[in-house]
Structure formats: structure tokens, C-alpha cells
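Accompanying notes for the structure given below.
Read-outs: derived from the displayed coordinates by stated rules, not from any lab. Note that the coordinates shown come from a computational prediction; the quantities given were computed from them, not determined experimentally. Cβ: placed from backbone, ideal geometry, glycine included. Neighbour counts: every protein chain shown.
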Amino acid sequence: MTPRLGLATRDAYGQALLELGREDPRVVVLDADLSVSTKTNLFAKEFPDRFLNVGIAEANLVGLAGGLAHSGKIPFISSFACFMICKGYDQLRMAVAVPRANVKVVASHGGISVGEDGASQQSVEDIALAASLPGFTVIVPADEHATRALVKAAARMNGPVYLRTGRPKAPLVYEADSSFAIGKGVLLREGKDVTLAANGLLVGAALAAAEALAADGISAAVVDLHTVKPLDEELIERQAKATGAIVTAEEHQVWGGLGAAVSQAVARRHPVPMEFVAIQDTYAESGKPEELMEKYGLTASGIVQAARRVLKRKRDPSLRSG
Amino acid sequence: MAARNRRELTGLKKIGIIKLIMPFVPLTLPELPRMALAIRKEVIRMLGRSGSGHPGGSLSEADLLTCLFFHLMRHDPANPSWEERDRFVLSKGHGCPGVYAAMALAGYFPKEELLTLRRLGSRLQGHPDTRFLPMLEACTGSLGQGLSISCGIALAAKMDRKDHRVYCLMSDGETQEGQTWEAAAFAGFHGLDRLIALVDYNKFQLDGKVADIMDLEPLAKKWESFRWHAQEIDGHDILKIVQAVRQAQAAPGKPHVILAHTVKGKGVSFMEHNNYFHGVTPTAEETEAALKELDGDPSLSKALVAAGKIKMGGK
């Protein structure tokens, strides 16, 4: 089954910013010379007085946002995920996280689906780093509809948010009128044998994986955990109890990402066997996005294989993973 | 001594209309040196009690703080979140004992609270933390960040057509941070002329002399080339400080930097130019000697030096 592609989540962010700009004069947008790529250029065009390209200076970008938030603005700041989080990290800590400043960090080009640009522009650590900042909310939307809704929800809440968008077109998972709440996962497909818990581009892949598993008589549930932090632990507990096995899938390094967060919740609430579809402690390389996703196992078939492994362990708890 | 008391004495607090025009009664020029001395004494008392903290930079900045908090800034200790207040950001976060002392003496909180510095549960954190003391405006202590935050505050004011100013007190050492120059370039390009940065140029950083570790000179030229209006002054000359800030307030178009040449440890003879006291607090004996010296009697200080009891650093 080929999923229907929607807009890239970065494009949906650009559109959501426009709507926010019209609704709330406190919304200001700053970018570090990537506005054409992060899509903040749409906002810049309509609201030139509330947009600033600060140049290639991410540390200053984040510090400025801290000062703007302190003065009652709602700054949205954007760059590539790798630069925003790595070059601005101490500033995210001191100017945003410690004072719990109302800054919205929306970073594009998350993960390895950046493609040909290679490892320096790809981001495999951003979720771990963002989630480890105390008080930060961390969101990875799956498609354009989820992005629009969650960007707006981020603007409405008070406090720091990290939201990751992606470069390529994302498979459509939702309808235009689907509703979302930060911190609430979405049960997209019921199932009784195994739960596939994913976010970002991997949600589409998880739905495709569930179809493939169904053809083999395996009933897989699919949940979208778009909010990594705070995590919807109730939903995870329900799914652990209902299916007895969980596979997480994310476009991120296996250390410190969605899988790590879900495994903490599972260990605490209802231990069941788990498998983790993620980048296995390495940086990726140049290539077409779909080639890279294939090579690093971030595909429907990668999720299917992980589901089969976890089901074996569910049937025979003496088996080890790998 | 505290300006707040002066206002209460004159009964201005009760007269709403006067409060509107002049919420905080500044000290006159001749009164400022005595306040600087009071700040230095509180710094020594606090650090003598806390047992950890940074005396050298807190003493070198004391005259700058005095002029800002008691003569130049528009603020109201009775109403710290006043919208129209000038903002003060301490980018050199380790100098917070000086700021806490200035704030207490201005009436932001009781003077007795100064002795809780760095203790569990105290609002007076080891480095400025707005979760505990919102009037600090910014969380600092990781050097090089305060100027960016100050730029953000100044930018918001510009967007909202507000006329308050942002004062950012920096150290010379943190001018080595790359972020300082990102912020400097930004403020210069955008002409943030209500931003006034002051550099407490005390010539030392933790490991030694700035000039030996990574010299900043020609520092004024650097700022000027980043499109700033730069002035160099004696950072212990009250009149010069006031004149320089007044000049900065009056000159539109560019952000302003005042390179204030200071002496680390200023006011206590055995701490002056002695980088041992960058991040080491005085012993009980040294505290007593320092306080006595600030009160005009250097005999104990001299005796400690003569007895070889003072440790030296950074020479």
C-alpha cells in the first residue's frame, strides 16, 4: 500500500505560523538564515515587523528569544534541528529552560530524511537533547495536519516547546479536522497482538507495517506518540496491557529518544517485551531520503521485522532480543 | 542610608502623583561614594558568611552598580515588575553578590536576607536565577549570554515603542566568548540605541591576567567596528561613570558600550590586583580586616599582609 503524501511538516509549520501571526500580535518569528528552508519565510513576507533573520548565529538567536519572551512576546525560533539544538544548547538551557521562558523552538530538517546533505545537516540527537532540558515539551508531529494543530497548541501553552519538523513530504495520517492535545497520544489503529508506537515520519510507516502484519494474521495496534515529553503514559500502559508487546519507531538515535522514553514508562507501569526501530548509535550519510530510511531500517518492513521479533519474545519470555 | 528610607522619610511614597513621575528617588552625586562603600561592605559580609563566591569581581563592579541603581536607572524597588522600568542584566553572573547588595540597599528586599547567600532555600542563588528573584531579569552564570538576552529585551521594547533602557553589565573575560560578538554584531546592525553595555574591565579572569591568557585589546576598536558607540573610563570615578552613561543615554542611533577600567578587589587593599580572591571568599580574620578597612581603618589589613597571611594569585 502506498500512502498518500501530504505536505512536508515544515511547510505546514510555515502555514500555521501565518495563522498564528494573524491571531496573536505577540507572536514574533526569528530565523538564522534558513527561513527559505524552515518555511518561516511565509511569516516574514506577511509580518516583516515581527520577523527577524538574525544571520548565521544560533547562540544569539536563542538568547534573543529569551529576552523577547521575558518581555511578553511569544517568540518562535527556527533553524535546522542539528544547528538549533547543538549550537544553541547552552543558550536553550540558560535563556529558556532554567527560567521556563515561553519560547517555541521549531526546528526543521529533523532526522536523516534530510537526505543528500549528509551527516552534518542531519539530526539524530535533537530529541534526546531537547527532552533532557527540564521543563521542555517535546513534539514530533506525523503529518501536515498534526503539525498545524500542534504548532497552534504550542503557541497557546505557556512554557518552552521543542517541535521537530521534517524536510520531505510526509504521508498523510490525519484529516484536516483531526484534533490533537499536547501530551495525548493517538490510537490510530486497534490491535491485540502488538502495539507499534511511533512519531514523525515513522507513523505512516507503522500504519503500513500494521497492514502488512494483518495480511499475516497479526493484529497490530498503532499509536502516534507525537508528544515525547510529557509522554502519554496512560495510553502506553493501556496498550502494554492490551497487546503485551511494543515496538517503538522513530527517526532518531536509539539512545534518549522515543523508544527510551516509552521503555521507562513500560518498565514502571506494565513491563512487556519491547523492540526499538531507530538509528543504532551511528551517524548517517548522503543519499536519497528513502534510500537512507531503507539503509537504516526506518521503514514499514523494518517495523514488521521488529514486530515479529517482539512477538517471538512475547510467546517465549526466555528469548533475548537481537 | 538606603534610598528607600529617604523616600519614606520624605513621605513621597504616599503621594501617588509624585510616585508616577519619580517612583524611586535617586541619590545625589555626592551621596554615591558612601553607597558604593556600603555595597562593598555588604559584599564582604555576605561572602565572609557564605564561604563561597566571587569577591574580586563583586568589588570591582561596585561603583558601576552604585551609579546605575542609585542615580541613573529608572526603577522602583517597591514595584519590581513595573512595565516602564529600565532593565538591568548581569551578564557576569558570578558578580551577583554586588548586585544583591545594591538591590537590598535600594530596597528590593531586606538587607538581612543578604546573609542567606548561596544557602539552600535562599533567593540569593550562587549565580542569578530569575526563578528565585525575578527582578534579576535573566538567568546568567554561563558567560557570554547576557548581551544576547539584553538585545532581545531591547528588541521587544523597540517593537513595542517603549522607551525603557537595558543595561548589561559584562566582564572583560566573557568578551572572549563568541556569543558576545554575535550579540554585538546584532545590536550594532539593528542600532539598538537603548542598550547600554558596561564592561567591568578588571584585567583578570579565573586563571590569571586577561592580557596573558587571551588579550582583548584593542577592545574599544572592536566594539566600534561592530558599530557601537564606545567610551573608556575609570570605572571607579563616580562622576566619570555618570557622565559616560548620560552621554550614552543622549546619543541616538547606536548601542553603547562603556569600557570601565577597574581594579579587581577594589576597596580592600589585600584583595586589590590579587586574583586569589577571584573565587575564594575571605576568612573570618580577612572579613574583619576588610570591613575595618572599608570603614577607614586599614591597620588589620596591613597586619595580615605583614604576617604573610594573605594568599596571592594571578601575578
Legend entry - Packing-based ranking, highest mean first, of A:123-134, B:73-84 given that Cβ atoms within 10 Å are counted: A:123-134, B:73-84
Inset, instruction - Compute the long axis of helix A:9-23 from its Cα atoms, compare it with the longest principal axis of the Cα atoms of chain A, and write down the angle in degrees, 0 to 90, nearest 10. - result: 50
Legend entry - Alpha-carbon centroid distance for the pair region A:164-196 / region B:42-71, whole angstrom: 55
Legend entry - Unit Cα scatterers, Debye sum, region B:37-159: log10 I(q)/I(0) for q = 0.13, 0.15 Å⁻¹: -0.47, -0.64
Legend entry - Modelled FRET efficiency - R0 51 Å, B:M159 with B:E285, Cβ distances, 0.05 increments: 0.45
Inset, instruction - State the dimensionless ratio Rg/Rh of chain A (Rg: radius of gyration of Cα atoms; Rh: Kirkwood radius). - result: 0.97
Inset, instruction - Can you put B:D172, A:D316, A:D193 in order of Cβ neighbours within 10 angstrom, beginning with the fewest? - result: A:D316, A:D193, B:D172
Legend entry - Integer Hz, Karplus 6.51/-1.76/1.60 couplings in order for region B:294-299, x for Gly and Pro: 5, 8, x, 10, x, 4
Inset, instruction - Over the Cα atoms of region A:186-313, compute the convex hull volume and normalise it per residue, giving Å³. - result: 92
Inset, instruction - Just order A:40-50, B:91-101, A:239-249 by mean Cβ neighbour count inside 10 Å, highest at the front, would you? - result: B:91-101, A:239-249, A:40-50
Inset, instruction - Please report, in Å, the Rg and the Dmax of region A:207-248, where both are computed over Cα atoms only. - result: 11.5, 35
Legend entry - Spin-label zone in region A:300-320 - amide nitrogen under 16 Å from a point set 7 Å from the Cα of A:H270 along the C-beta vector: A:314
Legend entry - Two-site label geometry, A:A181 and B:A303: point separation in nm, points 7 Å out along Cα→Cβ: 7.1
Legend entry - Within 10 Å of each Cβ in A:47-54, the average number of Cβ atoms from other chains: 2
Legend entry - region A:69-86 - phi-based ³J(HN,Hα) in whole Hz, Karplus 6.51/-1.76/1.60, Gly and Pro as x: 5, 4, 9, x, 7, 10, x, 9, 10, 9, 6, 5, 4, 5, 6, 4, 7, 7
Inset, instruction - Using only C-alpha atoms and all pairs of different ones, pull out the Kirkwood radius for region A:134-189 in Å with one decimal. - result: 12.0
Inset, instruction - Take every residue in peptide A:149-157, count the Cβ atoms of other chains within 10 Å of its Cβ, and give the average of those counts. - result: 0
Inset, instruction - Describe numerically, in nm with one decimal, the distance between label points set 7 Å from Cα along Cα→Cβ at A:Q280 and at B:M312. - result: 6.2
Inset, instruction - Using 0.36 nm per residue of separation minus the Cα-Cα distance, give me the extension gain between B:T28 and B:Q247 in nm, one decimal. - result: 77.0 nm
Legend entry - Shielding by partners - mean other protein chain Cβ count within 10 Å, residues of A:84-91: 2
Legend entry - At 1.567 mPa s and 4 °C, Stokes D of region A:99-212 from Kirkwood alpha-carbon radius, µm² per second: 85
Legend entry - Modelled FRET efficiency - R0 30 Å, A:L18 with A:D117, Cβ distances, 0.05 increments: 0.65
Inset, instruction - Grab the alpha carbons of region B:27-306, take their convex hull, and tell me the volume per residue in Å³. - result: 115
Legend entry - Separation in nanometres of the label points that stand 7 Å from Cα toward Cβ, at A:R156 and B:E84: 3.7
Legend entry - Diffusion coefficient, µm² s⁻¹, Stokes-Einstein with Kirkwood Rh over alpha-carbon pairs of the protein assembly as shown at 37 °C and 0.692 mPa s: 123
Inset, instruction - Show the residues, 5+ positions off or on another chain, whose built amide H is closer than 5 Å to the amide H of A:T195. - result: A:A221, A:A245, A:I246, A:V247
Inset, instruction - Once you have the Cα-Cα distance between A:E190 and A:R4, take 0.36 nm times their residue separation minus that, and quote the gain in nm to one decimal. - result: 64.9 nm
Legend entry - For A:L188, residues with placed amide H under 5 Å, excluding near neighbours: A:V222, A:V223, A:D224
Legend entry - Additional length obtainable on full extension of the chain from A:R315 to A:S301, 0.36 nm per residue less Cα span: 2.9 nm
Inset, instruction - Could you tell me, in Å, what Rg and Dmax come out for the Cα atoms of region A:4-105? - result: 13.0, 43
Legend entry - Expected 222 nm ellipticity per residue - DSSP helices of 4 or more, -39500 (n - 2.57), all of the protein assembly as shown, to 500: -11500 deg cm²/dmol
Inset, instruction - Equivalent ellipsoid semi-axes for region A:7-171, as square roots of 5 times the alpha carbon gyration tensor eigenvalues: give them largest first, rounded to whole Å. - result: 20, 18, 15
Inset, instruction - Could you line up B:T287, B:T116, A:T282, B:T140 from fewest to most neighbouring Cβ atoms inside 10 Å? - result: A:T282, B:T116, B:T287, B:T140
